[in-house]
1. Using the structure shown, decide if Thr44 is polar (S, T, N, Q), surrounded by 18 or more Cβ atoms within 10 Å (Cβ to Cβ) and either in contact with a Gly (Cβ under 8 Å, 6 or more places away or on another chain) or in contact (Cβ under 8 Å) with a residue 12 or more places away in the chain (or both).
2. Only one residue in Arg73, Arg53 is over 30 Å from Thr140 (Cα atoms) and either modelled with pLDDT of 95 or more or of a type in the set (Phe, Trp, Tyr) (or both). Which one?
Amino acid sequence: MLTTLIAVLGTLAGVAITSTYQARAARTARQETRRTEGIAAVETLAAALADHRLAMWVREDLRLRGEDWSAARAESHTTRSAITAPLIRVQILLPAVAGPAQAAAQAVYDLRGVEDHAALTAARDNAIRKVDEFIPAAGTALAP
């Protein structure tokens, strides 16, 4: 009888230890998947913001010089729409950096309709600074 009781208790202890280990492994895997997805979203958003910033610089430079900027305008529409999905992913996966991500996007959007080349340069510099603030904030949010 005592032997049976010891065997049952040993089996129950083994099941408890195995269950705890499996739950911890599953939680760790979920956290790593979320971190990997967050990194990919940040990378994609940063690249999309850089592409749109360049497209807007070219567009607004042509406009300010009085040249034909219709092709550049079409390109800027394409690059702007490429920001939407990664911005949403960042906001969902990393709500702690939703504000800096939105601020970086808005700073890039603000290149539109500037009054002169000095304002264009200032807007570009601000957009670069906002992205440079967003990246470390995302890194902090993604730290294990």
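The values are calculated or read from the model by the stated rules, or taken from the named source; none is laboratory data. Predicted model only: the values in this text are computed from it and were never measured. So basically every Cβ, Gly included, is an ideal-geometry build from the backbone, and we count neighbours across all protein chains shown.
1. Against the criterion (polar (S, T, N, Q), surrounded by 18 or more Cβ atoms within 10 Å (Cβ to Cβ) and either in contact with a Gly (Cβ under 8 Å, 6 or more places away or on another chain) or in contact (Cβ under 8 Å) with a residue 12 or more places away in the chain (or both)), Thr44 does not qualify.
2. Just one listed residue meets the conditions, Arg73.
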